[in-house]
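The values are calculated or read from the model by the stated rules, or taken from the named source; none is laboratory data. In this text the structure is predicted, and so the values were computed from the model without any measurement. With ideal geometry, Cβ positions are generated from the backbone for all residues, glycine too; neighbour counts draw on all protein chains shown.
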Amino acid sequence: MAVTTAPEVEGGPIRQAAGKLSIVMFSGTADKFIPLGILAQAGAAMEMEVHVFVTGFALQAFTKEPGELPFPAEFAALAPAVAQGMAAAHVESWDTMLRQAKELGAKVHACSTMSAVMGLTPGDFSDLVDDVVGAATFLQVADGGETFFI
């Protein structure tokens with residue numbers, strides 16, 4: 001078994017997390033997908049059990065043909081600067097970060113109710129989605145952990 005040293009930050013090393021992180025992803029705008037990728041990747045890297053429940057307008061980004069994610073009108077003028085800043089800082093795209101989180105064990109669940117409302121079937125989703133489940137199933141999975149809404 002390999003021994004690793006926790007990375008240092010101001011004030012001391014980062015504590016390896018235990019526990020569970022569940023993220024409810026319901027927004028369909030580009031600015032919200034960056035934190036999704038970052039939080040899922042960080043949680044998985046810290047050995048947390050990570051579950052993402054995708055619902056609402058976010059579902060479209062998880063289909064095989066997602067299209068371009070829009071920026072909210074109030075932030076649209078900042079989109080080029082954000083893209084340049086991410087490139088300069090070598091920040092991966094949200095879906096690359098989420099794939100890396102999945103390699104570490106994170107799971108992505110699409111909401112069955114909103115999938116039906118939007119006319120999406122399990123076959124419409126990309127390989128980022130592990131399964132299509134109802135809210136009750138997700139709540140059971142999320143029980144006992146931290147839940148974030150994006």
Handout entry: Qualifying position, being touching a residue at least 40 places away in the same chain (Cβ under 8 Å) and surrounded by fewer than 17 Cβ atoms within 10 Å (Cβ to Cβ), among 56, 37
Key = 56
Practice task
Would you please name the residue that is modelled with the lowest pLDDT, looking only at residues in the stretch 1-45 that are over 9 Å from the mean Cα position of the chain (by Cα) and assigned to a strand (DSSP E or B)?
Solution key: 9
Exercise for the section: Inspect all residues belonging to the stretch 91-101 and state whether any of them is of a type in the set (D, E, K, R), surrounded by fewer than 14 Cβ atoms within 10 Å (Cβ to Cβ) and within 15 Å of the chain's Cα centre (by Cα). Expected result: no
Exercise for the section: Could you name every one of the helices (runs of 4 or more DSSP H) located completely within the stretch 46-150 that has at least 1 residues being closer than 13 Å to residue 33 by Cβ and among the acidic types (Asp, Glu)? Expected result: 94-103
